[in-house]
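Enquirer: The structure follows.
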Amino acid sequence: MTEKRLKIAVQKSGRLSDATLDILKRCGLRINQSKNKLITHVKNMPIDILFVRDDDIPGLVMEGVVDLGFVGDNIMQEVSLQRAKFGEQAEFVKLIALDYGHCRLSIATTEEQNYTSIQDLSGCRIATSYPYSLGRYLEEQGVSAKIVHLTGSVEVAPRAGLADAICDLVSTGVTLEANGLREDEVILRSAATLVRRPTIENEALKQLVDRLIVRINGVMQAKESKYIMLHAPKNQVDAIINLLPGAEKPTILPLAGSDDQVAIHAVSTETVFWETMESLKQLGGSSILVLPIEKMME
Ligand code: ATP
Ligand code: ZN
């Protein structure tokens, strides 16, 4: 029997693609990505990567066609609400909240709307690509409005006379501003996420998923963390360690030919700023090095 391979769905081309592939590569997967292929076999692990539109990922995961998917919370929520409404399988397991793809699903209106509260939108037309998420939100708020479903160019709908308000993804707000819109309500905060199909029966695949989770967490942690080395007066060691965020267990080493100086090596779990380095120096620190960390495992 041939070995079972883990199937992972990633966005083919879009905002999540590069960061997702970067994580997978940092996890040690050798991926030969050829642009127009639907599927790529990872060379050094029993894993296949499927390149699809992000909108297709929730369905593939919920149906168990793939084992894992990298996709935004926004799409996961929208598709689960839609599928639940039609009585289709809408279950999945969220494994990891990732550190990219941050955005908000927000309601925005034009200046003329004079928006003060969501109740003002009663009887209005709201254009969106997220009819199920918006529908649920309006229902929760007890607002009855007409949802205009558009799959693109939502932000121009008010100017085109198609809607009075919109509900769309926002990250910087520049697009809204360029279209004369103001963000009034955030209905969902979203980021990229790693999701799993409801159940994986195969023991080997289960273990592979667990290994991957450890590696992804390690990659995310390593991105933030830094390795710090410096020389310091012995009597300032405590003060110096207090300055290093998240460096609980530093290594203190004797310095050859110096009785009152030691070397401190520590992993800081947060970014080390220039200000921190200046403070270290003020405490008598010298030869201060801050190094990036490539991988981490607890
Ligand atoms: P596809 O062709 O795969 O359907 P798409 O056009 O629907 O692509 P992208 O614009 O690439 O999708 O966005 C993918 C995801 O990136 C979104 O679903 C969301 O989770 C996230 N994202 C982060 N910031 C933004 C933003 N400002 N606008 C849209 N999506 C954003
Ligand atoms: Zn999409």
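The values are calculated or read from the model by the stated rules, or taken from the named source; none is laboratory data. Quick caveat: nothing in here was measured; it's all calculated off a predicted structure. Cβ sites come from the backbone with ideal geometry, for glycine too, and all protein chains shown count toward neighbours. Surface areas here come from the heavy atoms of the whole protein model, side chains and all, with no ligands, DNA or RNA. Shrake-Rupley method; radii C 1.70, N 1.55, O 1.52, S 1.80 Å.
Enquirer: Going 7 Å from the Cα of SER153 toward and past its Cβ, which residues in the stretch 98-126 have a backbone nitrogen under 18 Å from where you end up?
Expert: 126
Enquirer: When DSSP beta bridges are limited to those with both residues in the chain, what percentage is antiparallel, rounded to the nearest 5?
Expert: 75
Enquirer: Multiply the residue gap between THR251 and SER122 by 0.36 nm, knock off their C-alpha separation, and tell me the result in nm, one decimal place.
Expert: Contour length minus Cα-Cα distance gives 40.2 nm.
Enquirer: When the chain is modelled as a GNM with alpha-carbon springs shorter than 10 Å, which of SER287, SER153, SER13 fluctuates the most?
Expert: Highest fluctuation of the listed residues: SER287.
Enquirer: Hey, another quick one. Among bridges DSSP assigns within the stretch 1-132, what percent are antiparallel (round to 5)?
Expert: The antiparallel proportion sits near 25 percent.
Enquirer: For the Cα atoms of the chain, what angle does the longest principal axis make with the long axis of helix 17-26, in degrees from 0 to 90, nearest 10?
Expert: Once rounded, one gets 30 degrees.
Enquirer: A further question follows. Could you tell me how many degrees, from 0 to 90 and to the nearest 10, lie between the Cα long axis of helix 131-141 and the main elongation axis, the longest principal axis, of the Cα atoms of the chain?
Expert: 90
Enquirer: Could I ask something else about it? Have a look at HIS102, GLN89, ALA178 and report the one farthest towards the positive end of the charge dipole of the stretch 86-186, computed about the Cα centre with Cβ charges (Lys/Arg +1, Asp/Glu -1).
Expert: Result: GLN89, furthest along the dipole toward the positive end.
Enquirer: Quick one: 3J(HN,Hα) in Hz for the stretch 262-273, Karplus 6.51/-1.76/1.60 with θ = phi - 60°, rounded, Gly and Pro as x.
Expert: Along the stretch 262-273, the couplings run 10, 9, 10, 10, 8, 9, 9, 7, 10, 4, 9, 8 Hz.
Enquirer: Taking all protein chains in place and a 1.4 Å probe, what share, in percent, of the accessible surface of the chain do carbon and sulfur account for?
Expert: 49
Enquirer: Past 24 Å, Cα to Cα: identify those pairs from LYS94/LYS223; LYS37/LYS295; LYS249/LYS295; LYS7/LYS223; LYS7/LYS43; LYS25/LYS226, in the order given.
Expert: In this structure, LYS37/LYS295; LYS7/LYS223 lie more than 24 Å apart at Cα.
Enquirer: Might you report the magnitude of the Cβ-based charge dipole of the chain about its Cα centre, with Lys and Arg at +1 and Asp and Glu at -1, to the nearest 20 debye?
Expert: Approximately 1220 debye in magnitude.
Enquirer: Tell me, what HN-Hα J-couplings in whole Hz come from the Karplus equation 6.51 cos²θ - 1.76 cosθ + 1.60 at θ = phi - 60° for each residue of the stretch 69-83, using x for Gly and Pro?
Expert: Once θ is set to phi - 60°, the couplings for the stretch 69-83 become x, 10, 7, x, 3, 4, 6, 4, 5, 4, 5, 5, 5, 5, 5 Hz.
Enquirer: Report the label-to-label distance for GLN141 and ASN32 in nanometres (one decimal), using points 7 Å from each Cα along the Cα→Cβ vector.
Expert: In this crude label model, GLN141 to ASN32 measures out at 5.2 nm.
Enquirer: Can I ask one more? Could you give the size of the charge dipole of the stretch 103-189 about its Cα centre, using +1 on the Cβ of each K and R and -1 on the Cβ of each D and E, expressed in debye and rounded to the nearest 20?
Expert: The dipole of the stretch 103-189 has a size of about 240 debye.
Enquirer: Still on this structure, I have one more. Out of the stretch 175-276, which GluC sites (Glu not before Pro) are coil in DSSP terms and have no more than 10 other C-beta atoms within 10 Å?
Expert: Answer in residue order: GLU201, GLU248.
Enquirer: Spin-label point model (7 Å from Cα, Cβ direction): what's the SER286 to ILE213 distance in nm?
Expert: A separation of 4.9 nm, rounded to one decimal place.
Enquirer: Now a separate question. Based on DSSP, what percent of beta bridges with both residues in the stretch 103-189 are antiparallel, to the nearest 5?
Expert: Expressed as a percentage, antiparallel bridges in the stretch 103-189 total about 65.
Enquirer: What's the local net charge at LEU121, with K and R +1, D and E -1, over the other residues with C-beta under 12 Å away?
Expert: Taking every Cβ under 12 Å from that of LEU121, the sum is -2.
Enquirer: Run the dipole for the stretch 1-139 about the Cα centre, Lys and Arg Cβ at +1, Asp and Glu Cβ at -1, nothing else charged, and hand back the magnitude in debye, nearest 20. Spell out each step's value before the answer.
Expert: Numbers: 18 positive and 18 negative charges, 152 e Å.
Using only the charged Cβ atoms, the result is roughly 720 debye.
Enquirer: Return a whole-number percent for the relative contact order of the chain, with Cα pairs under 8 Å and 6 or more residues apart as the contact set.
Expert: 18
Enquirer: Exposed loop sites here are chymotrypsin sites (Phe, Trp or Tyr not before Pro) in DSSP loop states with at most 11 other C-beta atoms within 10 Å. What is the longest stretch of the chain lacking them?
Expert: Answer from the scan: 87-272.
Enquirer: Per-residue ellipticity at 222 nm for the chain, helices alone: DSSP H runs ≥ 4 residues times -39500 (n - 2.57), over residue total, nearest 500 deg cm²/dmol?
Expert: -8500 deg cm²/dmol
Enquirer: How many nm is it between the label spots at ASP18 and GLU111, if each spot is 7 Å from the Cα in line with the beta carbon?
Expert: It works out to 3.5 nm between the two label points.
Enquirer: Under 11 Å from the Cβ of ASP67, count the other residues' Cβ atoms, weight Lys and Arg +1, Asp and Glu -1, and hand me the total. Mind showing how you got there, number by number?
Expert: Working: positive: LYS4, ARG5, LYS7, ARG196, ARG197, LYS206; negative: ASP48, GLU201.
Overall, the nearby charge balance is +4.
Enquirer: Express the relative contact order of the stretch 225-292 as a whole percentage, based on alpha carbon pairs under 8 Å and six or more residues apart in sequence.
Expert: Working: 122 pairs, mean separation 34.8, N = 68.
Computed value for the stretch 225-292: 51 percent relative contact order.
Enquirer: I've got another one for you. In the stretch 89-145, which GluC sites (Glu not before Pro) are in a loop and have at most 14 other Cβ atoms within 10 Å, using DSSP for the loop call?
Expert: Hits after loop and neighbour filter: GLU91.
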